[in-house]
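Below: one structure, written as structure tokens.
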Amino acid sequence: MVLAILPPAPHAPTLPLSVLVDGEPVVIPYRIHNDEPSVAAEAELSTTQRAVLDCLYTRHHDGRLRQRRLERVVGVIQPWVAPFVVQLVGEYVDEILLAIRRVLAPELAVPHSPTDAVYARLAAENPAFVALTGQRVASYWDCYHRRRYPRLIDYPGHAWWQRCRRRQSGTTSRTVIVGQIQSAAPVMPRRVAETTIDCR
């Protein structure tokens with residue numbers, strides 16, 4: 001139902017990556033180019049379907065659209081939402097990082113909270129994904145955010161990456177699983193390629 005309402009895209013999704021969500025591979029496009037569905041079409045979706053749609057559009061090439069869709073879904077504490085949020089941590093839009101921190105930081109600060117459990121499980125299952133996110137965080141800070149955040153440790157993206165990295169050593173015992181998502185693309189082996197960000 002969700003894919004059926006997407007308008008045609010002028011370009012195919014780019015650079016998909018695969019992460020594990022509760023042991024199952026989920027493929028996430030790096031960028032999509034579809035226009036947004038009509039308001040009427042979205043109104044026909046269930047609450048879970050709308051959250052799936054919002055997750056997909058956090059991968060849109062328009063940064064403002066990514067932020068708007070993130071703000072709808074960042075507070076949805078589901079295992080399949082978390083990788084879309086973490087992927088945004090490794091990008092360059094400061095407003096998106098601040099929106100993530102504003103919503104989730106209080107919950108992540110509570111040990112064994114549902115939010116903490118979901119992100120702990122994601123980090124433990126996907127060490128390469130977390131490591132690559134950390135590399136991107138450092139690169140984007142160096143390219144775009146040094147003036148606003150002279151120290152890397154003050155950059156919101158770095159704080160989030162540090163939280164994920166600390167959770168790689170183990171998961172909490174209260175992981176909350178309420179829903180599942182099926183990948184919109186063929187399942188592929190988990191692999192994360194190294195990327196270089198050109199700051200010129």
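Mind telling me which of the residues Val93, Val137, Val192 ends up being surrounded by fewer than 18 Cβ atoms within 10 Å (Cβ to Cβ), under 17 Å from the mean Cα position of the chain (by Cα) and at pLDDT 90 or above?
None of the other options fit; the residue is Val93.
Condition first: surrounded by fewer than 17 Cβ atoms within 10 Å (Cβ to Cβ) and in contact (Cβ under 8 Å) with a residue 24 or more places away in the chain. Now tell me which residues in the stretch 47-66 satisfy that.
Passing the criteria: Thr48, Gln49, His61, Gly63, Leu65.
Taking the stretch 119-131 as the region of interest, how many residues are assigned to a helix (DSSP H, G or I) and crowded, with 17+ Cβ neighbours inside 10 Å?
9
Testing Val86 on (1) in contact with a strand residue (DSSP E or B) (Cβ under 8 Å, 6 or more places away or on another chain); (2) under 17 Å from Leu108 (Cα atoms), one condition comes back false. Which one is that?
(1)
May I ask you to list pairs of residues, at least six apart or on different chains, whose Cβ atoms are under 6 Å apart, with the first in the stretch 1-19 being in contact (Cβ under 8 Å) with a residue 12 or more places away in the chain and the second being part of a strand (DSSP E or B) and hydrophobic (A, V, I, L, M, F, W, C)?
Pro13/Ile32; Pro16/Val27; Leu17/Ile28; Ser18/Val27; Val19/Val26
Select from the stretch 140-169 the residues that are within 16 Å of Phe84 (Cα to Cα) and modelled with pLDDT of 90 or more and list them in ascending order.
Those that are within 16 Å of Phe84 (Cα to Cα) and modelled with pLDDT of 90 or more: none in the stretch 140-169.
Please state which of the following conditions Ala9 fails to meet, knowing it meets all the rest: (1) in contact with a strand residue (DSSP E or B) (Cβ under 9 Å, 6 or more places away or on another chain); (2) hydrophobic (A, V, I, L, M, F, W, C); (3) crowded, with 21+ Cβ neighbours inside 10 Å.
The one condition Ala9 does not meet is (3).
Each row is one residue, and each column tells you yes or no for (1) in contact with a helix residue (DSSP H, G or I) (Cβ under 6 Å, 6 or more places away or on another chain); (2) more than 24 Å from Ser139 (Cβ to Cβ); (3) of a type in the set (Lys, Arg).
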{"position": "Ile32", "(1), (2), (3)": "no, no, no"}
{"position": "Glu42", "(1), (2), (3)": "no, yes, no"}
{"position": "Val74", "(1), (2), (3)": "yes, no, no"}
{"position": "Arg101", "(1), (2), (3)": "yes, no, yes"}
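Does the stretch 1-18 hold any residues that are over 19 Å from the mean Cα position of the chain (by Cα), assigned to a loop (DSSP other than H, G, I, E, B) and at pLDDT 90 or above, and which are they?
Hits for the stretch 1-18 are Leu6, Pro7, Pro8, Ala9, Pro10.
Within the group Val26, Val86, Val81, which residue is crowded, with 20+ Cβ neighbours inside 10 Å, at pLDDT below 95 and closer than 18 Å to Ala99 by Cα?
Values: Val26 fails: closer than 18 Å to Ala99 by Cα; Val81 fails: at pLDDT below 95.
Just one listed residue meets the conditions, Val86.
Scan the stretch 25-42 and tell me whether some residue there is within 30 Å of Ala123 (Cβ to Cβ) and among the charged types (D, E, K, R).
yes
Kindly provide the set of residues from the stretch 132-153 that are in a helix (DSSP H, G or I), in contact (Cβ under 8 Å) with a residue 12 or more places away in the chain and of a type outside the set (S, T, N, Q), ordered by number.
Leu132, Gly134, Arg136, Val137, Ala138, Tyr140, Trp141, Asp142, Cys143, Tyr144, His145, Leu152
Between a first residue in the stretch 79-103 that is touching a residue at least 12 places away in the same chain (Cβ under 8 Å) and closer than 18 Å to Leu20 by Cβ and a second residue that is among the aromatic types (Phe, Trp, Tyr) and part of a helix (DSSP H, G or I), which pairs have beta carbons less than 6 Å apart while being 6 or more apart in sequence or on different chains?
Ala82/Tyr119; Val89/Trp160
The values are calculated or read from the model by the stated rules, or taken from the named source; none is laboratory data. Predicted model, so just to flag it, every value in this text is computed and none were measured. We place every Cβ from the backbone using ideal geometry, glycine too, and count neighbours over all the protein chains shown.
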